[in-house]
Structures are given as structure tokens and as C-alpha cells.
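Structure record follows, encoded as C-alpha cells.
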Amino acid sequence: MAAIIKTDQLWLDQTTSSAVGAPALIFGADSLSGLYRIGTNNIGLAINGTKLLDLSSATFAVTGAGTFSTTLGVTGKVGIGYAVQSTIQLFVSAAGTDLIFDFGGTGGDVMYSGAANAGITAGENAAASILFLRKNTATSRSINAAGTINASGADYAEYEPNDGLLISKGSIVGFKANGALTLTFAEATRFGVKSTNPSYVGGDSWGGEEAVGARPTKTEDQTDEEFAVILASFETALEAARVGVDRIAYSGKVPCNIVGATPGDYIIAADDSGVIGGVIVTTPTFEQYKNAVGRVNKILPDGRAELAVIIH
């Protein structure tokens, strides 16, 4: 092998691969550290006889730990603890009870993988969300929190089937004997109020895998156009399921579409020419109280009553 200096290149006249323990381009007496040829269009950086970098036209591999003192941008997919996945932008795998994420600092650990005998299972709703969490197979838990969980909403609500009705937020609704919502007084066995701004919502199974199937992911043999059609079909089915349910308040505070009340009054579900309405009662009888949907907490700026929810 010879080194030839051209006007704009340093050319190592080497056609065969060199070894990591004997790099072709070294610096002084440090014979174990330098650049070496792994193969065609493939070079390596050796440090003390060990490969640190493996560079080719398609890949960039680092052996050992790395530290970045500035930003790191990645335009392709990333695999951590496992190979890159074709349909997942960032795939993180951890064995046993190893941490998946730990954001550092002096606080506790943020997220654990499931133990070998307690994996994770699907079940979350497929509707758009910032964060999806699956549940532990053994305990059915998704979140363990030592402190409070804070939300900006004001009531706890649950999804209930609406039988195709269009129901406004704050409306008094009834429940049929089969549990479906109704706006017809004679069909109702009990009453509630449709939530406006809930903090927590239960019964969120209408968009789960058992109801609408798993959200599709693009496969390697699908074009973007083909996958767009599949995804659009899924979103249509998901939206059809969503419009079939409404969130009904079960506790907390909720606006109610009744005006003219005074704080402390009770709002009682009543028959208004066949449909469900509400009347204001200061001192209800027991029979009236059984149909109460809440007690007025305050009057909102638009004149409607804010209720402390009562549901029987």
C-alpha cells in the first residue's frame, strides 16, 4: 500500500480491506486508532483496536455510548434497544423491568416496561389523542400516580348510547330501561344532564378494538395512496361509532340549560309536552327529589344554572 498526494486528495492505494486492529490511516505511533477500509463504500473508525464508527452509504453505526452536547436531528426512523421498525417512527424496547423512559433529575422514574410475566395488552380507544397508554395484563393498570391528577374540566362523565339522538350540551336527558338515552319523558326511568366540559370520562370503549377494530398501520408493500384509503375507511367507522354516544355527567359541576334559577334551588326533570324538560324547585318533595338532576351552585354569565350533579 502506498499513499499518493494529489492536488485535492490524499489517496491510499489500497484495494483490499484492512483490519480494525491495524487501521490504514493512523496518527503517529498510535497504531491501533485511525481509519480503515471495511469494504466497498464502507469505512470504519477504530479507537484502540475497537470499532467505534461504521460508515456506509446507507447506514451509520456507533459502538458504545455517545454524548451529544448540542441538538440531534433524525429524519428517518429510530430503534432503541431493538431494530428499526418499518411502520413506527420511534421504537423503544426494554427487557424485563428495565426502564423505557427516565427523564432524569432528582425525581422518580417515569415509565416502566411490563415485567416478563405481566405484559401489556390493547384496549385503548382509537380516537385522536396526545398520549395512548395500554394496560398491564396482570393488574389492568395504566397509570400509578403518587400525587394528584389535575384536569381543567369540572365533572366526571360516562359515555352512554344515544339511539341516534342529537343532544345539546347541558340538556336534561332520560335513560330508557335498556340504558340508552332518550328525550321522551314517558320512556325515561331516571335522568341526568349531558356534560359540557368533563375532566374524566368513563365508558370509553366505543372506539376500542372490539368495537371498530385496530387502527391500521402502513405495511411495506402498501403505497401511501393505498394506505390513505384504508385509514380513511377506518376513520369513517370510528366517527360513526363516536356519534352514537354522548357524555353524561355523573358527579361534579355541570352547566344545565335552565334559566331563572337561584343558587340553592333544585332542578327537577319534568314532562314538558312529552319531552324532557326541567323545573326549578326550592323545597322538593321526595317524589320530586327522585327526579332531581342537580342543585344550583351558581348562575352562569349567560343566565343558565351551574349544577352540583345529583343522579339516581
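The values are calculated or read from the model by the stated rules, or taken from the named source; none is laboratory data. Quantities reported herein were computed from a predicted structural model and do not represent experimental measurements. Don't worry about glycine lacking a Cβ; one is built from the backbone with ideal geometry, like all the others, and counts go over all protein chains shown.
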Just the residues that are of a type in the set (Val, Ile, Thr) and farther than 16 Å from Val309 by Cβ, please, taken from the stretch 266-275. Val275
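Can you name the residue in the stretch 144-170 that is among the polar types (S, T, N, Q) and out of contact with any Gly (no Cβ under 9 Å at 6 or more places or on another chain) and, of all such residues, is nearest to Arg247 (Cα to Cα)? Walk me through how you get there before you give the answer.
The initial filter retains those residues of the stretch 144-170 that are among the polar types (S, T, N, Q), namely 144, 148, 150, 152, 162, 168.
Now restrict to residues that are out of contact with any Gly (no Cβ under 9 Å at 6 or more places or on another chain): 144, 148, 150, 152, 168.
Working: Asn144: 25, Thr148: 23, Asn150: 19, Ser152: 16, Ser168: 11 Å.
Taking the candidates together, the pick is Ser168.
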Here are some residues: Lys253, Lys218, Lys169. Which one is in contact (Cβ under 8 Å) with a residue 60 or more places away in the chain, surrounded by 15 or more Cβ atoms within 10 Å (Cβ to Cβ) and over 30 Å from Ala292 (Cβ atoms)? Lys218
I need a count of the residues in the stretch 227-247 that are touching a Lys or Arg at 6+ places or on another chain (Cβ under 6 Å) and either β-branched (Val, Ile, Thr) or in a helix (DSSP H, G or I) (or both). 1
I'd like to check something: does the stretch 54-69 contain any residue that is more than 26 Å from Val84 (Cβ to Cβ) and loosely packed, with under 10 Cβ neighbours inside 10 Å? no
Test each condition in (1) in contact with a strand residue (DSSP E or B) (Cβ under 6 Å, 6 or more places away or on another chain); (2) over 16 Å from Asp155 (Cβ atoms); (3) modelled with pLDDT of 95 or more for Phe286 and report the one that comes out false. (1)
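Taking the conditions exactly as written (surrounded by fewer than 12 Cβ atoms within 10 Å (Cβ to Cβ) and touching a residue at least 24 places away in the same chain (Cβ under 8 Å)), does Ser86 satisfy them or not?
yes
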Tabulated pairs, the stretch 52-71, first in the same structural domain as Thr40 (by TED's automatic domain parsing) and in a loop (DSSP other than H, G, I, E, B), second small (Gly, Ala, Ser) and modelled with pLDDT of 75 or more, C-beta under 8 angstrom, 6+ apart or interchain: none
Some residue of the stretch 282-291 being assigned by TED's automatic domain parsing to the domain that holds Leu181, touching a residue at least 24 places away in the same chain (Cβ under 8 Å), farther than 30 Å from Ala126 by Cβ and not in a loop (DSSP other than H, G, I, E, B): no
Tell me, yes or no, whether the stretch 230-239 has at least one residue that is out of contact with any Leu (no Cβ under 9 Å at 6 or more places or on another chain) and surrounded by 17 or more Cβ atoms within 10 Å (Cβ to Cβ). yes
I'd like the residue in the stretch 170-209 that is of a type in the set (D, E, K, R) and within 18 Å of the chain's Cα centre (by Cα) and, out of all such residues, is farthest from Lys77 (Cα to Cα). Asp204
Using the structure shown, decide if Ala214 is in a helix (DSSP H, G or I) and within 23 Å of the chain's Cα centre (by Cα). no
Residues in the stretch 121-159 that are under 12 Å from the mean Cα position of the chain (by Cα), within 30 Å of Glu306 (Cα to Cα) and without any contact (Cβ under 8 Å) to a residue 40 or more places away in the chain: how many? 3
